[in-house]
Amino acid sequence: MDKLVITGNGPLSGEVRISGAKNAALPILAATLLASDRVVIGNMPHLQDVTTTIALLGQMGADITVTDRMHLEVNASTVTSCEAPYELVKTMRASILVLGPTLARFGEVAVSLPGGCAIGSRPVNLHIDGLRAMGADIEVENGFIRAKTDRLKGATLVLDMVTVTGTENLMMAATLADGITVIENAAREPEVVDLANFLNAMGAKVSGAGSDTITIEGVESLGGGSYDVMPDRIETGTFLVGAAITRGKIKVRDTDPESLDAVLQKLREAGAVIETGDDWISLDMEGRRPKAVDIHTAPYPAFPTDMQAQFCAMNAVAEGVGMVTENVFENRFMHINELQRMGADITVEGKTAVIRGIERLTGAPVMATDLRASAGLVLAALATDNDTLVDRIYHIDRGYQNIEEKLEGLGARIKRIAG
Ligand code: UD1
């Protein structure tokens, strides 16, 4: 297993380019299963989760060509298998995203149940209930979700809670259903909007994405098309916190400032001077130590749970006390123990972490437990005066393209050691 060694090296400075969004790329790749023709997708990030999804689609029989560094061509008309096996699903929960499109297009599907993960139990009952309401016959047996249907039927679906991949699965399935589907209490995440735009580029009739009510008028078939994946707002936020934590000054390019309102607001509260343009954000701490901020995670447009660990790291070296409350996942404080090993003063009370900022953290061997927790640890390591060894960084490779090259470009001292 590879490890990262990070040596605290003062403020980050310079420019960094943001890659395509993991959480948009994965549903868009799954949605190619709906198309009867060739689809070309641009701004595809180079990430382990994308590789896993390509392997899954390939195993199902889709014809996939990487045309250049960031473009993929997918032809799903050659699909022969409608199964997502345990070996792939266990490495990437987002494999559940093939459930809706495969069922809608081919009339059957078997997807291994994702099970628990480091951040909680994460059930998929709302995906299943929604497809059942659209007429699918679904059994959950031997660790698999097995579904069959003739053509799905449009239905009104009121989601019990806001779920991102649940909304995406149902929206994809509804594009080929007979009649109109309305998803109420839908997730409003920008990645849901990106997926809807992609579906519409292939001929679907989706409206209302980005609001809590999405309406999908089913069509007979979807054609091909081409589409560029949106920029990654979480990667963007991670670099910005990296600059804040090191009292630095950076410019982030190829991003979408509008998708980061809640995060930018908290960084401003922490004392950052922030400017934005169409596709860039600059952050300048003017040499100051960040101020601690209170965070409450919740579905978009509120503060994203995927930025929670990074802000915990920032609060750990900030001036004052920050209360971080995790409302989306039940067990997403695994990074706290590791931050404590680096000297952070944190107590957890239920779903709130009370973080008392100290002047400097100290490097220590730490272990990544999930994707965003690892990002938090890497940022914390930048704010030390010595070496931090981050183990199990395969989690980072799932969601951050070239993280060490990009951080090095901003002046960080970081190197990968093959395990
Ligand atoms: C997606 C993102 C992930 C992000 C999360 C929340 C992708 C690939 N992943 O994950 O990065 O952290 O949104 O913004 O886009 N729930 C149920 N039943 C269900 C579905 C969800 O109880 O059927 C619960 C979950 O356990 C969780 C909450 O709903 O507590 C939100 O989860 P959800 O939005 O579904 O997360 P994901 O789509 O898995």
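The values are calculated or read from the model by the stated rules, or taken from the named source; none is laboratory data. What you see is a predicted model, and the numbers here were worked out from it, not measured in a lab. Note that we place each Cβ from the backbone using ideal geometry, even for glycine, and neighbour counts take in every protein chain shown. Just so you know, the surface numbers come from the protein's heavy atoms only, side chains and all, with ligands and any DNA or RNA stripped out. Shrake-Rupley method; radii C 1.70, N 1.55, O 1.52, S 1.80 Å.
When residues of segment 307-345 are filtered for being under 16 Å from Leu379 (Cβ atoms), open to solvent by 10 Å² or more (accessible area, probe 1.4 Å) and assigned to a strand (DSSP E or B), how many remain?
Residues that pass the stated criteria total 0.
Going by the conditions given, is Asn43 at positive phi and among the polar types (S, T, N, Q)?
In short, yes.
Here are some residues: Ile54, Ile28. Which one is outside the structural domain of Lys249 (by the TED database), within 16 Å of the ligand (Cβ to nearest atom) and surrounded by fewer than 19 Cβ atoms within 10 Å (Cβ to Cβ)? Don't jump to the end; show me each part of the working.
Working: Ile28 fails: surrounded by fewer than 19 Cβ atoms within 10 Å (Cβ to Cβ).
That would be Ile54, the only listed residue that is outside the structural domain of Lys249 (by the TED database), within 16 Å of the ligand (Cβ to nearest atom) and surrounded by fewer than 19 Cβ atoms within 10 Å (Cβ to Cβ).
Among the residues of segment 160-179, how many are under 28 Å from the mean Cα position of the chain (by Cα) and either free of Cβ contacts under 8 Å to residues at least 12 places away in the same chain or open to solvent by 10 Å² or more (accessible area, probe 1.4 Å) (or both)? Break it down stepwise before answering.
Here is the first cut: in segment 160-179, the ones under 28 Å from the mean Cα position of the chain (by Cα) are 160-177.
From what's left, either free of Cβ contacts under 8 Å to residues at least 12 places away in the same chain or open to solvent by 10 Å² or more (accessible area, probe 1.4 Å) (or both): 160-165, 176.
Qualifying residue count, segment 160-179: 7.
Being under 30 Å from Ala373 (Cβ atoms) and within 16 Å of the ligand (Cβ to nearest atom) narrows it down to one residue among Ala262, Ala173; which is it?
Working: Ala173 fails: under 30 Å from Ala373 (Cβ atoms).
That would be Ala262, the only listed residue that is under 30 Å from Ala373 (Cβ atoms) and within 16 Å of the ligand (Cβ to nearest atom).
Can you tell me which of (1) more than 13 Å from the ligand (Cβ to nearest atom); (2) open to solvent by less than 10 Å² (accessible area, probe 1.4 Å); (3) without any contact (Cβ under 8 Å) to a residue 60 or more places away in the chain is the one Asp150 doesn't meet?
(2)
Keeping to segment 177-224, report how many residues are away from the ligand (no atom under 16 Å from the Cβ) and over 21 Å from Leu33 (Cα atoms).
The qualifying residues number 4.
What is the residue count in segment 72-95 for residues that are within 16 Å of the ligand (Cβ to nearest atom) and either in contact with a Gly (Cβ under 9 Å, 6 or more places away or on another chain) or more than 20 Å from Ala35 (Cβ to Cβ) (or both)?
6
Give me the pairs: first residue in segment 274-295 and assigned by the TED database to the domain that holds Ala316, second residue assigned to a loop (DSSP other than H, G, I, E, B) and of a type in the set (Lys, Arg), beta-carbon distance under 8 Å, and six or more apart or on different chains, which are they?
Short answer, once both residue conditions are applied: Met285/Arg247; Gly287/Arg247; Arg288/Arg247; Arg289/Arg247; Pro290/Arg247.
Looking at the structure I just gave you, is Leu131 at pLDDT 95 or above, among the hydrophobic types (A, V, I, L, M, F, W, C) and surrounded by 20 or more Cβ atoms within 10 Å (Cβ to Cβ)?
The answer is yes for Leu131.
Among the residues of segment 137-147, which ones are buried (at least 17 other Cβ atoms within 10 Å of the Cβ) and within 15 Å of the ligand (Cβ to nearest atom)?
Ile138, Ile145, Ala147
Exactly one of (1) open to solvent by 20 Å² or more (accessible area, probe 1.4 Å); (2) touching a His at 6+ places or on another chain (Cβ under 7 Å) is unmet by Asp284. Its number?
Result: Asp284 fails condition (2) only.
Output the residue which, of all residues in segment 31-42 that are in a helix (DSSP H, G or I) and touching a strand residue (DSSP E or B) at 6+ places or on another chain (Cβ under 7 Å), is farthest from the ligand (Cβ to nearest atom).
Here the answer is Leu34.
Just to be sure I understand, how many residues within segment 65-88 are under 15 Å from Ala31 (Cα atoms), among the small types (Gly, Ala, Ser) and not in a strand (DSSP E or B)?
Result for segment 65-88: 2.
Can you give me the ranges of the helices (runs of 4 or more DSSP H) entirely in segment 351-419 with at least 2 residues that are among the small types (Gly, Ala, Ser) and surrounded by 18 or more Cβ atoms within 10 Å (Cβ to Cβ)?
371-382
As an exercise: evaluate Ile234 against (1) assigned to a loop (DSSP other than H, G, I, E, B); (2) open to solvent by less than 20 Å² (accessible area, probe 1.4 Å) and give the number of the one condition it does not meet.
If we test Ile234 against (1) assigned to a loop (DSSP other than H, G, I, E, B); (2) open to solvent by less than 20 Å² (accessible area, probe 1.4 Å), just (1) comes out false.
Scan (1) more than 21 Å from the chain's Cα centre (by Cα); (2) of a type in the set (Lys, Arg); (3) within 30 Å of Lys249 (Cα to Cα) for the single condition Arg38 breaks and write down its number.
Just one mismatch for Arg38, condition (3).
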